[in-house]
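Colleague: One structure is given below, represented as structure tokens, and several questions about it will come after.
The values are calculated or read from the model by the stated rules, or taken from the named source; none is laboratory data. Not measured: the values here are computed from a predicted model. Cβ placement follows ideal geometry from the backbone for every residue including glycine, while neighbour counts extend to all protein chains displayed. These area figures cover heavy atoms from the full protein model, side chains too; ligands, DNA and RNA do not enter into them. Shrake-Rupley method; radii C 1.70, N 1.55, O 1.52, S 1.80 Å.
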Amino acid sequence: MKSDEIKEAALKFFTIHGYEGASLSQIAEDVGMKKQSIYAHFKGKDDLFLQVLHDAKETELSSKLEYFSSIDSTHPEKDLYGFLQLVIDLFQKNEQLKFWLRISFFPPAHLQKDIDMEVIDIEEKVQGILENKFQEWMDAKLIIAPSAKIPTYAFLGVVDSILIELVYGNDEHRLLEKLNASWRVFWRGISHHW
């Protein structure tokens, strides 16, 4: 149980201060223990960071998998727009996903290879799920595209633009304008003939 408390405190400090700015002393104090006691649970700061990262990745992946398993696949417009809203909502309300997103954009240099592998893993899984959904919608004649890969990549581009706005922007109005403009162009592209 103490390991979970340490990871929860670490999540908070890593999210606010990044890897470099967070210290094991701060994390230990937040949990009510001495810094040396952390080593009974984790090998060091890198180990703690990577475990927090892995937990955040699993939370993001399970949130997205849960969303796609809950949709009925007959309303692609509603389902895809709902996914964009889910991404925004998760970033704004879930500390693990805020951490995941910030660290995937700003990884500590010495851990970049480990972080890149985690980011690529989740991206490939989400891409696979989306490609399958787009193929289902194409087979049902609900959308039009030459291949499922094209709307998948285009949609991921819309997702990425929203993520960049969430990380770098702080203007809710601009976020919504960007979301709506990107969405309208994307949806029009797959709901009309090529």
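Colleague: For region 25-53, name all the residues that are over 19 Å from Ala109 (Cβ atoms) and assigned to a helix (DSSP H, G or I). Write out each step before concluding.
Modeller: Initial filter on region 25-53 (over 19 Å from Ala109 (Cβ atoms)): 25-43, 51.
Result: Ser25, Gln26, Ile27, Ala28, Glu29, Asp30, Val31, Lys35, Gln36, Ser37, Ile38, Gln51.
Colleague: Every residue in region 128-166 that is in contact with a Ser or Thr (Cβ under 6 Å, 6 or more places away or on another chain) and closer than 25 Å to Pro107 by Cα, please.
Modeller: Val158, Ser161
Colleague: For region 164-176: of the residues being in contact with an Asp or Glu (Cβ under 9 Å, 6 or more places away or on another chain) and charged (D, E, K, R), which is most open to solvent (accessible area, probe 1.4 Å)? Step through it out loud before you land on a result.
Modeller: Start the filter on region 164-176 by keeping residues that are in contact with an Asp or Glu (Cβ under 9 Å, 6 or more places away or on another chain), which leaves 165, 171, 174-175.
From the residues that got through so far, the ones that are charged (D, E, K, R) too are 165, 171, 174.
Values: Glu165: 14, Asp171: 76, Arg174: 127 Å².
Residue satisfying both the conditions and the ranking: Arg174.
Colleague: Are any residues in region 94-118 under 16 Å from Leu166 (Cβ atoms) and among the hydrophobic types (A, V, I, L, M, F, W, C), and if so, which ones? Working first, answer last.
Modeller: Taking region 94-118 as the starting set, the residues that turn out to be under 16 Å from Leu166 (Cβ atoms) are 94-106.
Within region 94-118, Leu97, Phe99, Trp100, Leu101, Ile103, Phe105, Phe106 meet the criteria.
Colleague: Let me ask something additional. What helices (runs of 4 or more DSSP H) completely inside region 60-163 contain at least 1 residues that are free of Cβ contacts under 8 Å to residues at least 60 places away in the same chain, open to solvent by 80 Å² or more (accessible area, probe 1.4 Å) and closer than 30 Å to Ser23 by Cβ?
Modeller: The helices (runs of 4 or more DSSP H) meeting that bar are 76-93, 112-139.
Colleague: If I filter region 1-36 down to residues being more than 23 Å from the chain's Cα centre (by Cα) and surrounded by 14 or more Cβ atoms within 10 Å (Cβ to Cβ), which single residue comes out as farthest from Lys113 (Cα to Cα)?
Modeller: Just the residues of region 1-36 that are more than 23 Å from the chain's Cα centre (by Cα), to begin with: 1-3, 23-36.
Filter again for surrounded by 14 or more Cβ atoms within 10 Å (Cβ to Cβ), leaving 24, 26-28, 30-31, 33.
On the way: Leu24: 22, Gln26: 26, Ile27: 25, Ala28: 27, Asp30: 29, Val31: 30, Met33: 31 Å.
Filtering region 1-36 for residues that are more than 23 Å from the chain's Cα centre (by Cα) and surrounded by 14 or more Cβ atoms within 10 Å (Cβ to Cβ), the one farthest from Lys113 (Cα to Cα) comes out as Met33.
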